[in-house]
Number of protein chains: 2
Amino acid sequence: MKKSFFFLLVCFLIKQSVLAQSPEALKIRKYGSENAIKIISEFSEFLSIPNVASDPIGQQKTASFIMEMMQKRGIQNTQLLNATTPNVPPAVYGEVIVPGAKQTLIFYAHYDGQPVNPTQWAAGLEPFNPKLFTNALTKNGIDIPFPKDGNYQDDWRIYARGASDDKDGVVAILNAYDAIKKNGLTPNYNLKFFFEGEEEAGSPHLNEILEKHKSLLQSNLWIICDGPVHQSGKKQIVFGVRGDTHLDLTVFASKRPLHSGHYGNWAPNPGLMLAKLLSSMKDEKGKVTIKGFYDDVTPLSPSERKALDEVPSVDEQMKLELGINDVEMQGLNLFESVNLPSLNINGMQSGNVGKMVSNQIPTNATAVLDLRLVLGNDWERQQQKVIDHIKTQGFYVTDKEPTDEERSKYAKIIKVIREDGVNAQRTSMDLPIIQKVITAVKLTTNDQVVLQPTNGGTLPLFLFEKYLKAITVTVPIANHDNNQHAENENIRIGNLFDGIVTIGAVMMMR
Amino acid sequence: MKKSFFFLLVCFLIKQSVLAQSPEALKIRKYGSENAIKIISEFSEFLSIPNVASDPIGQQKTASFIMEMMQKRGIQNTQLLNATTPNVPPAVYGEVIVPGAKQTLIFYAHYDGQPVNPTQWAAGLEPFNPKLFTNALTKNGIDIPFPKDGNYQDDWRIYARGASDDKDGVVAILNAYDAIKKNGLTPNYNLKFFFEGEEEAGSPHLNEILEKHKSLLQSNLWIICDGPVHQSGKKQIVFGVRGDTHLDLTVFASKRPLHSGHYGNWAPNPGLMLAKLLSSMKDEKGKVTIKGFYDDVTPLSPSERKALDEVPSVDEQMKLELGINDVEMQGLNLFESVNLPSLNINGMQSGNVGKMVSNQIPTNATAVLDLRLVLGNDWERQQQKVIDHIKTQGFYVTDKEPTDEERSKYAKIIKVIREDGVNAQRTSMDLPIIQKVITAVKLTTNDQVVLQPTNGGTLPLFLFEKYLKAITVTVPIANHDNNQHAENENIRIGNLFDGIVTIGAVMMMR
């Protein structure tokens, strides 16, 4: 009776209270700090290789570098996994077969980065010349040399494209394996490694790679190491992602640029036409006014709703940090709002601004719309809703440059290019193998681990379900203020080393 | 009786019908075609010198080149006229004193060009490497070498920044003087020459130059050689210009760029905020909805209204040429609509589009508004109306980057930079000296000469009235489809040579 009471008490403590870190976690943490020079030096070399879609040579070099990283670590069966379409950046694969292990974990990160516009980076920063700062630039961090004594501080940052999205994922996974191996620890699972090269392009050929290499990629769980930890700095585990697709819109006016004096008032202005169209898509409360936009949404399950309620609120902190007074979608907090589909203007342009502005009526105006999707949405159906709305605003919709005949026939002409898309995905947090991941991550920290039903960002997770019948769970490591997808991308040093511990603990889960 | 009838008949023919060209006009025309190689070669060298505000060295070289052009032609008292503010592109001055002449004509053109974005120019074209084409690019013109036999065709075009706005004006004026001199003709007026270097920047120091050199610049009439002829190809004389000013708008959202997945729906999008603001400024019929926008306008006089009615309509021709189905301002033809103030979006930008697009919520969105003014408008008052409107849309207006305190206090923040401006100007077409200009130009063509009360474009003509009590009239020569102020600027060869005749005839007016 006493024993049973004690057992119940332990269970209660494990479930409800602050947990101590496991011995494995502590060993991995020690390995990281003792090998900081080697880890950062390799990371820095890795970050120096351009990894953007417009630079296929850089992409190849990046993939080769990862191959070498794995081979150095004794990871077996390393290979590039090509798509069936030629000239596609390959995925990089490797594996560690553990004698006696019956199940397999496969660790995912991606090595490609978002496109860069170097002119938008802060003075002194270059996307592919990693630099160390004493803090975030926005927190008055200053540029310092990489320390020779390996004494890295948690708040320091490395600035470079891919530093946090997602070369840090590759580095955390491979160093976590190093830490386990060098500590003589034996995982309970076979470990596989899969590093994608087209994630930032929307993974257009991942389906081919998964299908072609289906048997090699069999596993019991995919651990996706991408995205940021919770804004509070707490670790989090994410069970789903929003889907994403894009529409490129171009509104046409005069065939040639016009002098704004000689024709202003008379000739249509494409910027104004586009502004009126975009305005019509959302109301003043941030709600999308496109017909049926919020239909199709699969509601959260009771356990997901409960997890969402337990996520610490960051609204006031984030408003202060971002310098905004109000949110776009009235009445919802950040985590509630990412559980709805969104429509965002990624970019828009007509003519020139700043030093290059000229007194003209431009020939066209362009906007790129980003449509995020949640479970239940279909990306092609969501695009169609937007296109139908554009038509209700009096536009003639084409997918090519308008012909002279079309120009003479229609007052409002728009070219709409439908980009590819991916649907949303959500894994049940009640599955036994998922519960093991939760426990492993909890044993690396004395703090709460946040459980997010859905991340706002997008990973092509539905493809793993579709082509491999796989289960996925996301274990992110990057700091939330990492400027991923924009200029001045950076990783916080503390997040990198803590990330190695998190991933290592998952590798060792029981 | 018979004699009087004959006289009336002549008057009737002169007023109503096609006139024969004057002997002077024919001599000047002959000089142009016989000296085409020399004229174009010098023009081409002139066009090779960068003449944009961002290149002060190029501007200096351009001014020196004009000095040499004048000295070669025996024009006297050549000098650079500086402003009182240092480091301002000078005006270039010269004069020809005619023995016995009691009155003075002063010929104006400007040598600076609009800013260039070379990447927007057509393949094979560079702003400062003039090239000859067999026709407009839009009419399938092809690149040909400059002919060694000097046999230039009227429809050929030279492509370069400043080719038509307004280095052609400098070249037409100086070669018109050459043609007169080499033909042994003696003008009835002293001739002065004044070439400005800051017109495309809005002539911010022209007031200083006019005031400082007031006595040197005394004259009975300023002949402004800038802008295009009528869209029908007919010559025109223009009696006024619209004024112009600008507002640079920047709407602020998050202090740092945000991942559109993690924050889309929650964080405000600056592009959407700007789109809603711009949309609110005009209705669907192209009418500006800003309070009082059309107040202050001085109505046209009866003779101006009559002249406007006689201007050939070009609406259908222009719609076809420009590939547009409808006009912005409903119910007005082109020339009526430029007799009203306008609000035009010269450029707008938020984030990136095209290859550089990334999945972000940008930090800000910018637009440059161009406000054209007519007689009666005051540029600062017109700016204020727009700013007052922006406030009615809920914006907090600042002229600096917002502080953290402002960011935490206001949901909608906009930075508005008020650029300098110039007011509109209109000269009465009934003045005797103006009637002489009209007669001189009519004697260079067998076709109608269009009389325009107001040009849509802007020249700082009110400054000549204000500082010199001067009278101005505009005699343009460039083809209307010259892409001035934009990429692929060009001059039609026929317009250049006919322009020399027009200007020469005005120099010889009686």
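Can B:L300 be described as farther than 30 Å from A:F335 by Cβ, hydrophobic (A, V, I, L, M, F, W, C), in a helix (DSSP H, G or I) and open to solvent by 10 Å² or more (accessible area, probe 1.4 Å)? No, not satisfied.
Answer yes if at least one residue in region A:274-294 is acidic (D, E), in a helix (DSSP H, G or I) and open to solvent by less than 60 Å² (accessible area, probe 1.4 Å), and no otherwise. Break it down stepwise before answering.
Residues of region A:274-294 acidic (D, E): A:283-284.
Going one step further and asking which of them are in a helix (DSSP H, G or I), we end up with none.
No, region A:274-294 contains no residue that is acidic (D, E), in a helix (DSSP H, G or I) and open to solvent by less than 60 Å² (accessible area, probe 1.4 Å).
If you go through region A:206-215 and pick out every residue that is open to solvent by 40 Å² or more (accessible area, probe 1.4 Å) and in contact with an Asp or Glu (Cβ under 8 Å, 6 or more places away or on another chain), you end up with 0. Picking from residues in region A:212-265 that are within 24 Å of A:E336 (Cβ to Cβ) and of a type in the set (K, R), the one that is nearest to the other protein chains (Cβ to nearest Cβ) is A:R242.
The residue of region A:193-205 that is least open to solvent (accessible area, probe 1.4 Å), among those that are over 15 Å from A:T245 (Cβ atoms) and assigned to a loop (DSSP other than H, G, I, E, B), is A:G197. Condition check for B:G376 on (1) away from every other protein chain (no Cβ under 11 Å); (2) at negative phi: one failure, at (2).
Please go through region B:362-371 and give me each residue that is assigned to a strand (DSSP E or B), open to solvent by 10 Å² or more (accessible area, probe 1.4 Å) and of a type in the set (V, I, T), ordered by number. First the steps, then the outcome.
Applying the first criterion (assigned to a strand (DSSP E or B)) to region B:362-371 yields B:364-371.
So of that shortlist, the ones also open to solvent by 10 Å² or more (accessible area, probe 1.4 Å) come out as B:364, B:366.
Matches in region B:362-371: B:T366 only.
Restricted to region B:308-318, and to residues that are in a helix (DSSP H, G or I) and open to solvent by less than 50 Å² (accessible area, probe 1.4 Å), which residue is nearest to A:I361 (Cα to Cα)? First the steps, then the outcome.
First, the residues of region B:308-318 that are in a helix (DSSP H, G or I): B:308-310, B:315-318.
Filter once more, keeping what is open to solvent by less than 50 Å² (accessible area, probe 1.4 Å): B:308, B:315, B:318.
Working: B:L308: 24, B:D315: 17, B:M318: 15 Å.
Step by step, filter region B:308-318, then rank; the result is B:M318.
Filter region B:25-48 down to the residues that are more than 27 Å from the chain's Cα centre (by Cα), open to solvent by less than 40 Å² (accessible area, probe 1.4 Å) and under 20 Å from B:M509 (Cβ atoms) and list them by number. If the condition is that a residue be more than 27 Å from the chain's Cα centre (by Cα), open to solvent by less than 40 Å² (accessible area, probe 1.4 Å) and under 20 Å from B:M509 (Cβ atoms), then B:Y31 is the only one that fits. The sole residue among B:L278, B:L308, B:L274 that is in contact (Cβ under 8 Å) with a residue 24 or more places away in the chain and more than 10 Å from chain A (Cβ to nearest Cβ) is B:L308.
Does any residue of region B:460-468 turn out to be within 14 Å of chain A (Cβ to nearest Cβ), farther than 30 Å from B:P23 by Cβ and touching a residue at least 40 places away in the same chain (Cβ under 8 Å)?
The first filter runs over region B:460-468 and keeps only residues within 14 Å of chain A (Cβ to nearest Cβ), leaving B:460-461.
If we keep only those that are farther than 30 Å from B:P23 by Cβ too, we end up with B:460-461.
From the residues that got through so far, the ones that are touching a residue at least 40 places away in the same chain (Cβ under 8 Å) too are B:460-461.
Yes: one or more hits.
The residues on offer are B:E336, B:E321, and the sole one that is farther than 22 Å from B:L451 by Cα and assigned to a helix (DSSP H, G or I) is B:E321. Among residues that are more than 10 Å from chain B (Cβ to nearest Cβ) and under 22 Å from A:N455 (Cα atoms), A:S301 is included.
Check B:T458, B:T502 and return the single one that is modelled with pLDDT under 95 and β-branched (V, I, T). Spell out how you get there, then give the answer.
Values: B:T502 fails: modelled with pLDDT under 95.
Of B:T458, B:T502, the one residue that is modelled with pLDDT under 95 and β-branched (V, I, T) is B:T458.
Looking across region A:253-273 at every residue that is under 15 Å from B:R242 (Cβ atoms) and in a helix (DSSP H, G or I), the one that is nearest to the chain's Cα centre (by Cα) is identified as A:S260. Filtering region B:486-501 to residues that are surrounded by fewer than 24 Cβ atoms within 10 Å (Cβ to Cβ) and within 14 Å of chain A (Cβ to nearest Cβ) leaves B:E487, B:N488. For region A:344-359, residues that are part of a strand (DSSP E or B), open to solvent by 10 Å² or more (accessible area, probe 1.4 Å) and either more than 7 Å from every other protein chain (Cβ to nearest Cβ) or in contact (Cβ under 8 Å) with a residue 40 or more places away in the chain (or both) total 1.
Please go through region B:326-338 and pick out each residue that is surrounded by fewer than 24 Cβ atoms within 10 Å (Cβ to Cβ) and more than 17 Å from A:T363 (Cα to Cα). Once the filter is applied, which keeps residues that are surrounded by fewer than 24 Cβ atoms within 10 Å (Cβ to Cβ) and more than 17 Å from A:T363 (Cα to Cα), region B:326-338 yields B:M329, B:Q330, B:G331, B:L332, B:N333, B:L334, B:E336, B:S337. With respect to B:D168, determine if the residue is at pLDDT 95 or above and either of a type in the set (A, V, I, L, M, F, W, C) or part of a loop (DSSP other than H, G, I, E, B) (or both). Here the answer is no, as B:D168 does not meet what is asked.
The values are calculated or read from the model by the stated rules, or taken from the named source; none is laboratory data. On a predicted model such as this, the values are computed, not experimentally measured, just so you know. Cβ atoms come from the backbone with ideal geometry, glycine included; neighbour counts cover every protein chain shown. Side chains are part of the model used for accessible areas, which takes the heavy atoms of the whole protein and leaves out ligands, DNA and RNA. Shrake-Rupley method; radii C 1.70, N 1.55, O 1.52, S 1.80 Å.
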